[in-house]
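K.L.:
Can you read through this structure? Questions will come right after.
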Amino acid sequence: MKFSSIWRLFNTSQLSVNHKKSVILALVILSLEYFDIIIYLHNASALVRLYCHSQIRGILVLFGVLWLSNLLAKYLVGDFIARLSRIFKSSTIMVLSSVVISAMLWLQAMTIAYFCQSMVQEILLALFVFRFIYQVCVGIIIHATYESVLKMQQLSFEFSSIIIGSLELSLLGSVIGYKIIDYLHISHLNSLLVFIYFMSVAWICVALFFFFFNYELPNNGSNKLHRYMASNNFKLMFKHFHQDTLIAISLVGVRSSLCIVSVIYMPKYLEEILGISLHTTSNIIMSSSVIAIILCWWVNKHLNRFNYANLIKFGLVSLIMGSIISYVLFFFKFIPQLGVLILVVFHNLFALSCPLILSNLFTPAIRQLAIISCYRNSFLTFASLTYLIMEASGQILHNNFFPPAIFLIVIALVCYGCLVLFNRKSVLI
């Protein structure tokens, strides 16, 4: 994990106390956004059973609600930010947005718990409205927090570590959370409600931080242009830096898909297909994650000993090889625990090379905007599509080895394409 690079920066005098608070806020808030997506995907099957008899149709409806609310919110959030900034100071905007987010999460949980089985169409519409308001407020907070980080030139390279570190933090939180759920013997639907209530409380804590500390994000008038760019920069980047943007989107897509396979599909596969108990499955995922974190910490500690280009190539090639080895072990049902360990470890080693690739794709002037734009525009799409393909293949084709094969082929093609593009870019440089 790349937390150690941020930790080293924190121990220097390069950042003021307020700037350190801004980095922590950006890390926590982005983690909560990723965590929300992971939790909904993890419990999609249990949620769908409440309002639809067809599993695939119900998942499409659920993802339609998530996608449409997300896209509409991102389209409109720029105007909301511009209007609110003329009326309120940043701390007031943060408090109001955090409270509204907490309320929307609470309403989502109440809707799922009490109304989903009785008023399907009305409740799906209500869920869409709650998700839309939630996404708008999350967009406001994320734009405000990472814009304050944009001013820190010393974080130009480490910004990718903040983004990827927040994703890994949310993954680790979900693994630990479901391990606790396993010990408490809570059903899938109730676990979804527990996590939603937890996120609601977390957002209240964010609101209390801004309220009691009266914390103002370090923005100035020159950032009004950044506000406009932040909400529209994806199409601008794709137009002017299409090759770099394609590489970044591909890497984020593979990273997102690996997250879903490791945290969501693997436990289900081990339990339902290989007949391994839920308790043993959670132990396998948890121990594999711990081993991977320790290994990544060691590699990151000695990162200066490795050549940048070789490390990137090793990360991409090892991901291909690790996926092949783990799939063979799963296919022949030979030591599946080892297959999970290999997949999780190589997944995390690949994650180490992501900050290096992303940080060197774009110029420092647009690097931070480019990275967060690629992540926020790609994670939900790739993660949900991966889950949908896995579920559809199992439900329609009744073949539980076909989805991993498709996933393996896609990973190999994407990684090979990234290697080719990276080699061309290295030659040009």
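The values are calculated or read from the model by the stated rules, or taken from the named source; none is laboratory data. All figures in this text were calculated on a predicted structure; none of them were measured in a lab. Virtual Cβ from ideal backbone geometry, glycine too; neighbours counted across all protein chains shown.
K.L.:
Within segment 183-197, is even one residue assigned to a helix (DSSP H, G or I), at pLDDT below 75 and crowded, with 22+ Cβ neighbours inside 10 Å?
P.N.:
No: segment 183-197 contains no residue that is assigned to a helix (DSSP H, G or I), at pLDDT below 75 and crowded, with 22+ Cβ neighbours inside 10 Å.
K.L.:
Residues in segment 31-62 that are closer than 20 Å to Tyr178 by Cα and in a helix (DSSP H, G or I): how many?
P.N.:
Of the residues in segment 31-62, 17 are closer than 20 Å to Tyr178 by Cα and in a helix (DSSP H, G or I).
K.L.:
Can we say Leu341 is of a type outside the set (Phe, Trp, Tyr), modelled with pLDDT of 70 or more, part of a helix (DSSP H, G or I) and over 23 Å from the mean Cα position of the chain (by Cα)?
P.N.:
When the stated conditions are applied, Leu341 does not pass them.
K.L.:
Pull out all pairs, ordered by first then second residue, where Cβ-Cβ is under 9 Å, the residues are six or more apart or on different chains, the first lies in segment 406-424 and is of a type in the set (Lys, Arg), and the second is at pLDDT 70 or above.
P.N.:
Arg424/Gln243
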